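This report refers to the structure that appears directly beneath it.
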């Protein structure tokens, strides 16, 4: 189960999501809430980017990082 451990706000926010691979920080999210379906998408898409995959939104330099 993923956990939203920090969010600077619901819209245009920075979020820290804890999951099985560690805590991932995502900047400039359009919308974040503590719904597991959304956390799952954000976390695993960000993890893929950290592993070298391309994503139209998350591949912007500095957008995602592993804390």
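The values are calculated or read from the model by the stated rules, or taken from the named source; none is laboratory data. Please read these numbers as outputs of a predicted model, since none were measured by experiment. Counting neighbours? That spans all protein chains shown, and the Cβs are built from the backbone with ideal geometry, glycine included.
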Problem set entry | Residue count, region 8-20 (criterion: at pLDDT 95 or above and assigned to a strand (DSSP E or B)) | 6
Exercise. If the Cβ limit is 6 Å and pairs must be 6+ apart or interchain, which residue in region 27-46 that is in a helix (DSSP H, G or I) pairs with which residue that is surrounded by fewer than 17 Cβ atoms within 10 Å (Cβ to Cβ)?
Worked result: 45/55
Seminar exercise, completed: Considering residues that are exposed (fewer than 13 other Cβ atoms within 10 Å of the Cβ) and closer than 18 Å to residue 48 by Cβ, the number found within region 1-27 is 2
